[in-house]
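To start, the structure under review is shown below, and the notes come after it.
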Number of protein chains: 2
Amino acid sequence: MRHKLLILSPDRDKYRALIEEARLVDLEFADDSASDVDIVLGEPKPTFAALDSLPALGWLQSIWAGVEPFLDPASRRDYILTSVRGVFGGLISEYVIGYLLAHERKIFQRLEAQKNKTWEDSDTGTLRGKTIGLLGVGSIGAEIAEAAKFFGMTVRGYTMGSETSKHVDKYFHPLDSDSSPSKQQQAAALQSFASELDYLVSVLPNTMATRKIVGADLLNALPSHALFINVGRGQAVDESALIEALNQNKIAGAVLDVFEQEPLPAEHPFWTTPNLLMTFHTAGPSFAEDIAKIFIENYRLFVEGKPLKYRVDFERGY
Amino acid sequence: MRHKLLILSPDRDKYRALIEEARLVDLEFADDSASDVDIVLGEPKPTFAALDSLPALGWLQSIWAGVEPFLDPASRRDYILTSVRGVFGGLISEYVIGYLLAHERKIFQRLEAQKNKTWEDSDTGTLRGKTIGLLGVGSIGAEIAEAAKFFGMTVRGYTMGSETSKHVDKYFHPLDSDSSPSKQQQAAALQSFASELDYLVSVLPNTMATRKIVGADLLNALPSHALFINVGRGQAVDESALIEALNQNKIAGAVLDVFEQEPLPAEHPFWTTPNLLMTFHTAGPSFAEDIAKIFIENYRLFVEGKPLKYRVDFERGY
């Protein structure tokens, strides 16, 4: 059986060249949405827009880790959806360690001193001995945990129950049984997780269970010298509560890569909130080489009728 | 035999408390330079000033890694001089990785974009796959090498001959025999070491052999996208050559923690040289706890008449 692949990405030519190199059997490239396209490699936005014009779609390989648009219960679910994993962990871990070091080693303050021609040799801090708390310890969280241990940090992990990373020193869970946790159970577990943290890092996806989990209660439970970093999804944060916490110096600062609405609207208060640094959903850039490798591996499994890697469960949401 | 210890540091009370906790035998504390002081724990400057008023000095434990003032052949050498090692490696490695990540992940550009309220989501780089070259691979260089490997970098090391770190992928030496290298041999080895580097990091001490080793030839041998970082000593750099390389965009940038003259004079061109970031001899802060631990260990060896750790050879200079 022949397969027809449509690539929906500004890097289409790059992806095509990388895939052609692998000389996959029975694979043709389509130039645009056609009734016989059965495989798509694409970025969520253009792919979601094309979804209804692809009647033969059997498998969609997303170029991004976030596949939220496809999870809407009103959308079709008659195809295999695969995400990408394992490629962002190292990059996001670089991002987190980079901002942790910028904070400890006063990288921005030193630049100010240089601009003022001031020999500013006040002591700096170190990551060694500090405590980092990871909200969510999946494949990305586990890589952050490993890097944090490399620098001599203590690592706490908050998960719904799984304890898969050996680099987490102490796990916190909302429940002891396998039933759904109550709001109080979750609040108590978060409270105990947040106390004594120097750094809180959210790696949480956007699901019903994670929405606004970083709210006033969790932020108030953090020590006032703590820094919050969000490399997961903006929906996990109560943005008003974070602005209030920063305005009132309840925490020392925040570094945000993701937001409820992206791009961040021009009138959003985040642009000028004190002690808030932002980046622009750039913590985990997609490198075509990494994604093409996953596609090629999954294509081989697909033609053999085997289970694909990183398949997304539409109900669970990841 | 009783010993009398003089502590010459603004952190004197902190050191005294840390040392008292260890309940060392036969140790008294002196309040100021006295004829019976036989041990000094001190920072180089006040200690060097006090040197001639300490006739009974038998052992000086420096609080800093740099012990240059004491190496002057005109100064007395009738005592044991010990330096501190093993405590700065982790801190300096944090500093180097911090600035590498700031460069790759565009930490300063993102801050500018935020100030301009611009959603600037251009791709960033990664340390993975980049090549770092270490000028000098002693205990500090070895820790930088280990951190670089952790982030997936290729590590080159330039040394006078020793190959002690297993984290260096390829070593470069100025000579094949154990004779003194000629200027040409050294230049050729440096040239070959510098080619293809993304990052050049000097960890070199200030000795006759290292003076101005980072000069026009070495800087010209670097790729134009390379970044130079100096966490060793300022004397290893030809400052005029570096300013010229930066002004002419022969390299992408420099991060300097050390300078020929410190504090850097107000009129020095470095303050405003393009693509130059500076810090203020703050890459490897001394933490009293670490230094006190070394002193305590060495004191126990001293009273037992055993060889002390990190003893400096006055002739060799380290």
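Here, each number is a calculation from the coordinates, and none is a lab measurement. Here the structure is a predicted model, which is why all the values come from computation and not from measurement. Heads up, the Cβs are rebuilt from the backbone with ideal geometry, glycines too, and the neighbour counts pull from every protein chain shown.
Points to keep in mind about this one:
- A DSSP coil position with no more than 16 other Cβ atoms inside 10 Å describes the following trypsin sites (Lys or Arg not before Pro) in the stretch A:103-147: A:Lys117, A:Arg128.
- Centre-to-centre, using Cα atoms only, the stretch B:71-138 and the stretch B:238-273 are separated by 16 Å.
- For the stretch A:89-278, a simple Cβ point-charge model (Lys and Arg +1, Asp and Glu -1, everything else neutral) yields a dipole of about 260 debye relative to the Cα centre.
- Spacing of the two label points (7 Å from each Cα toward its C-beta) at B:Ser192 and B:Glu120, in nm: 4.1
- For the options A:Ser75, A:Ser62, A:Ser139, a Gaussian network treatment of chain A with springs between C-alpha atoms closer than 10 Å singles out A:Ser75 as fluctuating the most.
- Isotropically averaged projected area of chain A, using the convex hull of Cα atoms (one quarter of hull area), nm²: 19.1
- Semi-axis lengths (Å, descending) of the ellipsoid that matches the C-alpha gyration tensor of the protein assembly as shown: 51, 31, 22
- Legend: distances between Cα atoms for B:Lys130/B:Lys170; A:Lys115/B:Lys115; A:Lys115/B:Lys250; A:Lys183/A:Lys212; pairs beyond 19 Å are A:Lys115/B:Lys250.
- Between amide H atoms placed 1.01 Å from N, distances below 5 Å from B:Leu27 occur with B:His3, all of them 5 or more places distant or on a separate chain.
- Inter-copy separations for B:Lys309, label at 7 Å along Cα-Cβ, nm, ascending: 4.4
- For A:Lys106, a cut-off of 16 angstrom between C-alpha atoms picks up these aspartates and glutamates, skipping any fewer than 8 places away in its own chain: A:Glu120, A:Asp121, A:Asp123, A:Asp198, B:Glu94, B:Asp257.
- Of the peptides B:165-174, B:21-30, the ranking by mean beta-carbon count within 10 Å, highest at the top, reads B:165-174, B:21-30.
- Each copy carries a label point for B:Ser53 at 7 Å from Cα toward Cβ; from one copy, the others' points are 8.7 nm away, ordered from shortest.
- Along principal axes, Cα extents of the stretch B:13-161, largest first, whole Å: 66, 42, 32
- Estimated 222 nm signal from helices in chain B, with DSSP H stretches of n ≥ 4 weighted -39500 (n - 2.57), rounded to 500: -9500 deg cm²/dmol
- Radius ratio Rg over Rh of the stretch A:41-127, counting only Cα atoms, Kirkwood formula for Rh: 1.33
- Inter-copy spacing of B:Ser162 label points, which lie 7 Å from Cα along Cα→Cβ, given in nm from shortest upward: 4.6
- Derived scalar couplings between HN and Hα for the stretch B:12-19 equal 3, 4, 5, 4, 4, 4, 5, 6 Hz in order, rounded to whole Hz, by the Karplus curve 6.51 cos²θ - 1.76 cosθ + 1.60 (θ = phi - 60°), x for Gly and Pro.
- The C-alpha atoms of the stretch A:205-318 occupy a region whose extents along the principal axes are 58, 27, 26 Å, arranged from largest to smallest.
- Sorted largest first, the spans of the alpha carbon positions of the stretch A:89-278 along the three principal axes are 60, 40, 27 Å.
- Sequence-distant residues sharing a close amide H with A:Gly253 (under 5 Å, placed H): A:Phe228
- Rule-of-thumb Rg ratio for the stretch A:217-264 [Cα; 2.2 N^0.38 Å; N residues]: 1.09
- Once both labels are positioned 7 Å from their Cα atoms along Cα-to-Cβ, the gap between B:Glu43 and A:Glu244 label points is 4.5 nm.
- Separation in nanometres of the label points that stand 7 Å from Cα toward Cβ, at A:Ser182 and B:Val25: 6.2
- Working from Cα pairs under 8 Å separated by at least six residues, relative contact order for the stretch B:88-278 is 15 percent.
- Rounded to the nearest 10 degrees, the inclination of helix B:88-104 to the longest alpha-carbon principal axis of chain B is 20 degrees.
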